[in-house]
1. Can you list the residues, at least 5 places off or on another chain, whose amide H is less than 5 Å from the amide H of Ala21, using H built in the peptide plane?
2. Taking θ as phi - 60°, what are the ³J(HN,Hα) couplings along segment 258-268 by the Karplus curve (6.51, -1.76, 1.60), each to the nearest whole Hz, with x for Gly and Pro?
3. Run the reach check for Lys292 against aspartates and glutamates, Cα to Cα strictly under 15 Å, same-chain hits fewer than 8 apart removed. What comes back?
4. I need the phi-derived Karplus couplings for segment 11-20: 6.51 cos²θ - 1.76 cosθ + 1.60, θ = phi - 60°, integer Hz, Gly and Pro marked x.
5. Over segment 173-292, what is the mean sequence separation of C-alpha contacts under 8 Å (at least six apart), divided by residue count, expressed as relative contact order in percent?
6. Non-local amide H neighbours of Trp226 (under 5 Å, H modeled in plane, Pro and chain starts lacking H): which ones?
7. Per residue of segment 97-103, in order, report the coupling 6.51 cos²θ - 1.76 cosθ + 1.60 (Karplus, θ = phi - 60°) as ³J(HN,Hα) in whole Hz, putting x for Gly and Pro.
8. Give me the net charge for the shell around Ala176: Cβ to Cβ below 14 angstrom, other residues only, Lys and Arg +1, Asp and Glu -1.
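The values are calculated or read from the model by the stated rules, or taken from the named source; none is laboratory data. These numbers come from a predicted model, not from an experiment. Because the Cβ atoms are built from the backbone with ideal geometry, glycine has one as well, and the counts that use them run over all protein chains shown. The area values use the complete protein model at the heavy-atom level, side chains included, leaving out ligands, DNA and RNA. Shrake-Rupley method; radii C 1.70, N 1.55, O 1.52, S 1.80 Å.
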Amino acid sequence: MNPPSPAPEAHRCGFIAILGAPNVGKSTLLNILVGAKVSIVSPKVQTTRMRIFGVAIRGAAQLVFIDTPGIFAPRRRLDRAMVRAAWRGAEDADIVLLLADASHRGLDDDTRRIVAGLRAAGRQAILALNKIDLVKPEKLLALAQKYNAEGIFTDIFMISATSGDGVEDLAGVLAARAPEGPWHFPEDQLSDLPQRLLAAEITREHLFRQLHQEVPYALTVEPETWEDFQDGGVRIGQVIYVERDSQKPIVLGAGGRTIKAIGTAARVRLEALLGRRVRLELWVTVWPKWRKDPAVLARLGLPLAPEPS
């Protein structure tokens, strides 16, 4: 008589909010956990503007990571909406993962603000000290002790989101602590972003990479057209909105060279992502004060933040 087969492991599904100050590597970590590029990455701070779900499978656990905008001291309406989106992501999550830059000597002001907010909300968190490849081991230990003294962390991991060091150990603990329950997304779905929005985000990433100073923060990319062809190709039209007339020629570049280079880089990335031939058409339009427009914030998926009194 054959022994009974072991019972299948119960499905688990956990929503995990990745919090952190700007430019600590949240989007890089999300992409390596998911195994695909679902969130844009840029050396500039405050690149992520909306909450993005990245879906990863570890054994019987589906991990739904919420890549939130960086939490910082906001100055404008868009800033306040981004910070509000980040905190809402933490409120909705089963697990909070705080990502901190290990190359800092201690807690920076933005990270202290996050720790204080979590403490006030009575939330515990898992801490991941990122960029450990930039720090000597003895300094890492001292930094971990500083964070542990805050009293809100159940675990502390030391990782490099760029190289992947320590990431799977972190993912294993997250999978083990995910609540039992059915999966929320199909097994082959990696993100909640529709393809049109993901395509616009890819273009915005290359704008951030190739433009300098304040221009990237004064622009947004909106999907305009999407036309599928019988041969499998697709024509994608997008509008790049800037706030001032003086910004438009910067985006275009002399003889249109800048916008052409941005379009080429974005098209190559889109073809790799979609697995099909892409014709990308970009238009640059001036839209004054788009960052204060509630309709734009709603399309970005950001909760409306009232103007300060």
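1. When sequence neighbours closer than 5 places are left aside, the close amide H contacts are Ile71.
2. 5, 5, 5, 5, 5, x, 5, 5, 5, 5, 4
3. Reachable aspartates and glutamates: Asp79, Glu243, Glu307.
4. My calculation for segment 11-20 gives 5, 10, 8, x, 9, 10, 8, 9, 9, x Hz in order.
5. Numbers: 147 pairs, mean separation 31.2, N = 120.
That works out to 26 percent.
6. Long-range HN contacts for Trp226: Gly237.
7. Coupling constants for segment 97-103: 10, 8, 9, 10, 7, 5, 6 Hz.
8. Values: positive: Arg12, Arg58, Arg177; negative: Glu9, Asp94, Asp155, Glu168, Asp169, Glu180.
Neighbourhood net charge equals -3.
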